[in-house]
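Worksheet: the structure to be examined is printed underneath.
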């Protein structure tokens, strides 16, 4: 069994990292904050040229036909760059949802446009997760759940109300809309979309955590106190080491969750919840530690630390908070909704469940 | 048209470099490598020729297994096939040795156009491109910042000293060495990366090219005696006092030097 990512997958990751380092430096993230939409359709088109929005789109519709095990590394890079574009909703959630709905006409209408960078799709997570829909203001199509059905809604037919957000890159809206037979496009597993969104957030949190650690290590190596770099003090370096341990531990869970989503295993949801909760905890811990390591300068607007701190916080709330995901894990454990094998544990002598 | 692009893999610009125990080069264990940035402009120029019409783009590089990644990246960006000269006997070659290998590959490929970077970021000799042209007996132009390529000739604009520019016409086959910033280099696409693994990479040895005993460390004419980090300069003056006092002293020093 192969547990490592392939050379091709690592090259995909490097390609996206090189692209984002060149085309989406932190100055570009900040510049987006000054625009009305906070998004750049021109940049979205470039992102499509290298293949990101269409990564999960089937080849027959002009995409790359890959799966979440390929996407997860790309999403890590999006987090590392604090990319302010709707990759999660469009690339990670909407594409598989459109495929799952099985509406050929809808697929033919939207999947090629998504792959080409000509369409952005916003997806509602459902009221149990969040009453808000991210990026509805730039969406060409809204996929909204209602009463167990999915509705494909024209943005022109809805009323949007912008909501305050801690992260200037996060654009949240309440959507006033009326479901009807004309908008209903089928049914889909609500949990599957939540899992895809949560997995995408967890993957981005890894990149956010990595970046916060890198920034802190660079600062602790450069900033001197008592004639030596502050990183030489155990009180500083041990905290950063703890951040690295948490992010690395979360990384294993995120990769496991990506496998579970890609293969639709029956422990998918609990794997995703563990990954989301752990990756969020790691990124938020890295953010808090980074602030302590930087000291006063970390509180300033000019220092870039807050770009990633805010992203860690906003991703923690998106597609189910850590509390929501922990509760889902607890329900699975206490109610026995999932077999013990789902958690990597098998009681001695207990019969093994058949693999999914 | 066939275009041959010569690529060199060099240490990443952010890599921390340590000097080898024999002092003759850097330790490359654990160092991250990338395509020499000058060569990326050559590759981009070749891909533009391909985009504009019928052209086959072949990339060639010399070095150990790690060089495969550079070739794969080039294939992912759109090159059609690659030649990898992977032979321990080629290690330690000086610019002439490298030029002999590249010229031998060029002789096998018979390209209409050879594109290279102006120089490599690690060696900085800027010697290989004109040597390849000389060995091939074809015209060349270096420090090229702009090219207009037609079916049988190339008009280039090249940098001279003092900000002057020169326009040169070359008949094909010819070699063009591109200056940094000559164009906007594209990124590899994810689709291109996936397609790259199906594109051929032709492995060659020095013997395959008929150069046994003629290249490598044993055949060098240029010997690197040592590389070293220069000593830190003496005479730095630390300004002390409050912020106001330091600023006042600094302004005084700048005035003393006649810079204000």
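The values are calculated or read from the model by the stated rules, or taken from the named source; none is laboratory data. Quick caveat: nothing in here was measured; it's all calculated off a predicted structure. All Cβ positions, even for glycine, are placed from backbone atoms using ideal geometry, and neighbour counts span all protein chains on display.
Filter segment B:125-139 down to residues that are farther than 11 Å from residue B:173 by Cα, assigned to a loop (DSSP other than H, G, I, E, B) and out of contact with any strand residue (DSSP E or B) (no Cβ under 8 Å at 6 or more places or on another chain) and give me whichever is modelled with the highest pLDDT.
B:127
Looking at segment B:67-99, which of its residues are crowded, with 23+ Cβ neighbours inside 10 Å, in a helix (DSSP H, G or I) and away from chain A (no Cβ under 14 Å)?
The answer is B:90, B:97, B:98, B:99.
When you check residue A:89 against the structure, is it at pLDDT 95 or above, touching a strand residue (DSSP E or B) at 6+ places or on another chain (Cβ under 6 Å) and more than 16 Å from residue B:190 (Cβ to Cβ), yes or no?
Yes: the conditions hold for residue A:89.
Pick out the one residue from A:170, A:204 that is assigned to a helix (DSSP H, G or I), under 15 Å from the mean Cα position of the chain (by Cα) and closer than 22 Å to residue A:315 by Cβ.
A:204
Would you check which residues across segment B:2-54 are at positive phi and in contact with a helix residue (DSSP H, G or I) (Cβ under 8 Å, 6 or more places away or on another chain) and list them?
Across segment B:2-54, there are no qualifying residues.
Only one of these conditions is not met by residue A:161: (1) without any contact (Cβ under 8 Å) to a residue 40 or more places away in the chain; (2) farther than 30 Å from residue B:189 by Cα; (3) not in a strand (DSSP E or B). Which number is it?
Failing condition for residue A:161: (3).
Considering only residues of segment B:48-66 that are farther than 27 Å from residue B:146 by Cα and away from chain A (no Cβ under 14 Å), which is surrounded by the fewest Cβ atoms within 10 Å (Cβ to Cβ)?
Within segment B:48-66, the match that is surrounded by the fewest Cβ atoms within 10 Å (Cβ to Cβ) is B:64.
For residue A:67, indicate whether it is surrounded by fewer than 24 Cβ atoms within 10 Å (Cβ to Cβ), in contact with a helix residue (DSSP H, G or I) (Cβ under 8 Å, 6 or more places away or on another chain) and farther than 16 Å from residue A:196 by Cα.
no
Which ranges mark the helices (runs of 4 or more DSSP H) fully within segment A:1-78 that have 1 or more residues being modelled with pLDDT under 95 and under 22 Å from residue B:37 (Cα atoms)?
Fully inside segment A:1-78 and qualifying: A:7-23, A:41-50.
Here are B:247, B:215, B:222: which of them is away from chain A (no Cβ under 14 Å), farther than 25 Å from residue B:68 by Cα, in contact (Cβ under 8 Å) with a residue 40 or more places away in the chain and surrounded by 12 or more Cβ atoms within 10 Å (Cβ to Cβ)?
B:222
Of all residues in segment B:35-54, which are touching a strand residue (DSSP E or B) at 6+ places or on another chain (Cβ under 7 Å) and either modelled with pLDDT under 95 or part of a helix (DSSP H, G or I) (or both)?
Listed by number, the residues that qualify are B:38, B:39, B:41, B:42, B:43, B:45, B:46, B:47, B:49, B:50.
So which residues in segment B:227-244 are under 30 Å from residue B:26 (Cβ atoms) and surrounded by 10 or more Cβ atoms within 10 Å (Cβ to Cβ)?
B:227
Search segment B:194-212 for residues being surrounded by fewer than 18 Cβ atoms within 10 Å (Cβ to Cβ) and out of contact with any strand residue (DSSP E or B) (no Cβ under 7 Å at 6 or more places or on another chain), and hand back the single one that is nearest to the other protein chains (Cβ to nearest Cβ).
That would be B:197.
What number of residues within segment A:24-45 satisfy the criterion of being within 14 Å of chain B (Cβ to nearest Cβ), buried (at least 16 other Cβ atoms within 10 Å of the Cβ) and either touching a residue at least 60 places away in the same chain (Cβ under 8 Å) or under 18 Å from residue A:204 (Cα atoms) (or both)?
Result for segment A:24-45: 1.
Which members of segment B:182-193 meet the condition of being surrounded by 17 or more Cβ atoms within 10 Å (Cβ to Cβ) and either touching a residue at least 24 places away in the same chain (Cβ under 8 Å) or more than 9 Å from chain A (Cβ to nearest Cβ) (or both)?
B:182, B:183, B:185, B:186, B:187, B:188, B:189, B:192, B:193
Is it the case that segment A:171-185 has a residue that's closer than 22 Å to residue A:79 by Cβ and in contact (Cβ under 8 Å) with a residue 24 or more places away in the chain?
Taking every residue of segment A:171-185 in turn, at least one turns out to be closer than 22 Å to residue A:79 by Cβ and in contact (Cβ under 8 Å) with a residue 24 or more places away in the chain.
Might you let me know whether segment A:290-307 holds any residue that is surrounded by 15 or more Cβ atoms within 10 Å (Cβ to Cβ), farther than 26 Å from residue A:167 by Cα and not assigned by TED's automatic domain parsing to the domain that holds residue A:78?
Within segment A:290-307, none of the residues are surrounded by 15 or more Cβ atoms within 10 Å (Cβ to Cβ), farther than 26 Å from residue A:167 by Cα and not assigned by TED's automatic domain parsing to the domain that holds residue A:78.
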